[in-house]
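Contents: one structure, followed by commentary.
The values are calculated or read from the model by the stated rules, or taken from the named source; none is laboratory data. In this text the structure is predicted, and so the values were computed from the model without any measurement. Here the Cβ positions follow ideal geometry from the backbone for every residue, glycine too, while neighbour counts run over all protein chains shown.
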Amino acid sequence: MTDGPTATLMDAARSYLSSLDDAARMDNQAEVERFVRWCGADRTWTELRGHEVATYADTITGTVTDATARANAVKKFLAAAKKAGHTPTNLGVHLRVKRGAGSRAAEPAIAFEDMEISEDEKRALTKELESLKAQRPQIIADIQRAREDKDFRENAPLDAAREHQGHIEGRIQKIEITLDLATVITDGPAPDGSVVEVGCTVILRNLSSDAKSTFTLVRPSEVNATQGRISYESPVGRALLRKRVGAEVEVEAPSGTLRFRIESVEG
């Protein structure tokens, strides 16, 4: 990997994420990679400016607590970038979540663990999600064309394209969380103690290495990687929530897809 300011943002992100322990990496990976894709994964650090980092805050949606947690994931990455010599200053100081920004999409905090949707609602959300994701290539192309101007200070098309991207990505994230965490109403039996819920401690077996790991699913404000307390919104948390003992789940990691089996659920 190229070192210093000529490294690409994605190269630096992969290096940073690989330096974290499993719990921290899985908790921060989604937001760090989202930030890098938003800025331009193949750009070098010499091209990144503080005002761009500041603008990224406008794309962060969710509750105030969730927005703060997402911003902190990016700030830690940018602090590490300075330490690694990619940037002369810590660009993370420019990233500030504005007061009330976390709820700007007119969305009060949703108790996803108590949310239920019908099969029809699930199909509608899935169709909308596919449509939104199909717009990504065109949005990226619009940003690339606007970026060719090179004048980020007076580039209204670039601002408009990024604002549109932020809106689309925010909606995609909300739908993905809903589909991952909400309960689809069926005629089957009610959940019992073998189902993973927020607050549960889960023992996982890595199906490749046969090693066991223990995680407790908590809300973002209660995360503590050293104690194995991970957010239910992290990649691992999303994979586990509402799953039963014996289920096998897949988690995307920098090293590839990891497969686990849920050995037991407590709490």
Notebook entry, point to check: Looking at this structure, is Asp187 assigned to a loop (DSSP other than H, G, I, E, B), modelled with pLDDT of 90 or more and either in contact with an Asp or Glu (Cβ under 8 Å, 6 or more places away or on another chain) or acidic (Asp, Glu) (or both)?
Noted result: no
Check: Can you tell me which residue in segment 239-266 is surrounded by the fewest Cβ atoms within 10 Å (Cβ to Cβ), limited to those that are among the acidic types (Asp, Glu) and touching a residue at least 40 places away in the same chain (Cβ under 8 Å)?
Finding: Glu266
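Rundown of residues vs (1) part of a helix (DSSP H, G or I); (2) buried (at least 18 other Cβ atoms within 10 Å of the Cβ), yes/no style:
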| site | (1), (2) |
| --- | --- |
| Ala54 | yes, no |
| Thr61 | no, yes |
| Ala69 | yes, yes |
| Leu78 | yes, yes |
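Considering each residue of segment 47-85, count those that are among the β-branched types (Val, Ile, Thr) and modelled with pLDDT of 85 or more, and give that number. Steps first, answer last, please.
If we filter segment 47-85 for residues that are among the β-branched types (Val, Ile, Thr), which is where we start, we get 53, 55, 59-61, 63-65, 68, 74.
Still in the running and modelled with pLDDT of 85 or more: 53, 74.
Adding up the residues that qualify gives 2.
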Notebook entry, point to check: Checking Arg25 against (1) over 15 Å from Glu252 (Cβ atoms); (2) surrounded by 20 or more Cβ atoms within 10 Å (Cβ to Cβ), which test does it fail?
Noted result: (1)
